[in-house]
Every structure is written in structure tokens, then in C-alpha cells.
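Student: Just passing along the structure, written as C-alpha cells.
Each reported figure results from applying straightforward, stated rules to the coordinates on display, with no laboratory input. Just so you know, these numbers come straight off a predicted model, no measurement behind them. Note that we place each Cβ from the backbone using ideal geometry, even for glycine, and neighbour counts take in every protein chain shown.
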Amino acid sequence: MQVEVEETSLPPQTTRQEDLTTAGQRKVNLIWEFTQSSVAIMIIGANMVVAVAQGLGLTKNHEYPIILSSSLFLVIGFYFSRTNHAAIGGIGPKASSKYVGR
């Protein structure tokens, strides 16, 4: 015997425009997150290529470029401190805050 349960929807708490704005911001946040991760991967890759080349002796006694080292710590530091995964869903419960515009 199967019991049929009637489901009811709650009325929306936001307007259609607020929903569109929030959806648009999520897309922007997703693009920004992808850009950040791409830059971080390129910086790490450049540092690894130079480190391996130096380790194999292919650089003929050239010093490790300070700009690469600096960019590695700067970009990776900012990437990990400012990743925006919470804005595109993230994990766990989110704080409820009302959108008040730009």
C-alpha cells in the first residue's frame, strides 16, 4: 500500500530581479574562481620548470629568478586567502544575509 504525500511550495522570499542578480553574481564568481586557479597553476608550473631545469644543470649557473619566487608566494598566498568558493556554493551552511544591491 502506497501513501501519496501532497507537497506544497513555500512562497518566494525574493523578487525575480533579485534572483536574476544573484544568479549573475554566481556566474561572475565562478569565472573569477576559474581565472584565479588558472593563474595559480601557471605560476606553479613556471616555478617547477625553472626548478627542474636548474636541478638538472640546464641553466649553466644562472640564479633562480627572484621574480618567480616572489610571484609564487604572492599569487599562491592570495589565492588561498581569497578563494571565493563560498560565493559559488562551497560546503556547509551559509550565513543568511539579505541582498541590498550594489
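Student: Which order do peptides 26-32, 3-9 fall in by mean Cβ count within 10 Å, highest first?
Tutor: Top of the packing list down: 26-32, 3-9.
Student: Please give the length that would be gained between K60 and T22 if that part of the chain were fully extended, namely 0.36 nm times their separation in residues minus their C-alpha to C-alpha distance (nm, one decimal).
Tutor: Details: separation 38, 0.36 × 38 = 13.68 nm, distance 5.40 nm.
Length gained, K60 through T22: 8.3 nm.
Student: Just grab the label-to-label distance for K98 and Q2, each label 7 Å out from Cα along the Cβ direction, in nm (one decimal).
Tutor: Placing both labels 7 Å beyond Cα along the Cβ direction yields 4.3 nm.
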